[in-house]
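The next block holds one structure in the form of structure tokens; read it before the comments.
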Amino acid sequence: MTIALENVLAKAGLRVDATEFLTLVEDAARKLAPVNPDPSHFFSASQRSALTEVGLDLSPDDEGEHDYRARTVAAHAVLAEAALTVGQAAKRLGVDESRIRHRLKGRRLTGWKDQGGGWRLPGWQFTESGVLPGLEAVLRAAPDDQPALVVAAFMSTPQSDLVINDKQATPRQWLLAGGDPEPVTQLASTLGHPA
């Protein structure tokens with residue numbers, strides 16, 4: 001399995017060995033709430049009746065069912081592997097580490113604190129020599145209660161409102177191509193709100 005996993009990681013362009021990646025997956029899985037074998041116990045009898053009348057299935061998960069958390073765990077692991085430390089971000093931007101922490105505090109960069117208390121900055125917000133054009137405007141527009149994984153998923157998902165050469169583009173691709181940040185900020189401002 002290790003060789004197969006290493007091949008998959010290499011094809012995906014992830015520079016991490018299989019053991020380290022599996023540790024990231026285990027950490028991400030621990031952070032998610034465990035599957036509740038019987039979701040109906042959260043509701044009163046009258047609530048259960050009303051919910052089942054409208055078609056909601058409150059039956060427990062079957063043992064053989066696909067665990068819905070798997071995709072999220074994998075996404076967390078990939079996001080963590082591709083994240084930069086404060087030192088790496090400072091080196092990439094050619095600034096002191098204190099400037100990176102200042103940008104994090106001012107929401108001009110985004111990140112999260114790892115278990116050791118150090119900052120991790122998602123790689124999507126960087127270019128080879130700087131930060132993504134329009135990043136500050138996008139981060140200001142995104143609701144500050146949205147987790148790093150939600151913002152990362154948004155920035156890497158093609159959007160119908162962003163078209164480059166007749167193809168839907170991701171917000172990151174749009175900004176890298178010199179697109180106006182305004183449509184991206186409009187979309188980012190709706191994160192966490194029902195469509």
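Screening region 151-182 for residues that are closer than 20 Å to H76 by Cβ and among the aliphatic types (A, V, I, L, M) and picking the one that is most open to solvent (accessible area, probe 1.4 Å) gives A153.
Against the test of being touching a Pro at 6+ places or on another chain (Cβ under 8 Å) and not polar (S, T, N, Q), the options L132, L93, L149, L162 yield a single qualifying residue, L162. Can you name the residue in region 108-121 that is under 19 Å from M155 (Cα atoms) and assigned to a loop (DSSP other than H, G, I, E, B) and is also most open to solvent (accessible area, probe 1.4 Å) among such residues? Only one residue fits best here, namely R108.
Contact map, region 111-127: residues that are basic (K, R) paired with residues that are part of a loop (DSSP other than H, G, I, E, B), Cβ distance under 8 Å, separation 6+ or inter-chain. Pairs shown: R120/A83; R120/G111; R120/D114.
Just to be sure before I move on: is R48 among the charged types (D, E, K, R), in a helix (DSSP H, G or I) and modelled with pLDDT under 70 in the structure I sent? No, not satisfied. Restricting region 125-150 to residues that are under 15 Å from A80 (Cβ atoms) and open to solvent by less than 30 Å² (accessible area, probe 1.4 Å) leaves a set whose member that is modelled with the lowest pLDDT is A148.
The values are calculated or read from the model by the stated rules, or taken from the named source; none is laboratory data. Just so it is clear, the structure is predicted and the values come from calculations on it, not from any experiment. Positions of Cβ are generated from backbone atoms using ideal geometry, with glycine treated the same way; all protein chains shown enter the neighbour counts. Note: areas computed on protein heavy atoms with side chains; ligands, DNA, RNA excluded. Shrake-Rupley method; radii C 1.70, N 1.55, O 1.52, S 1.80 Å.
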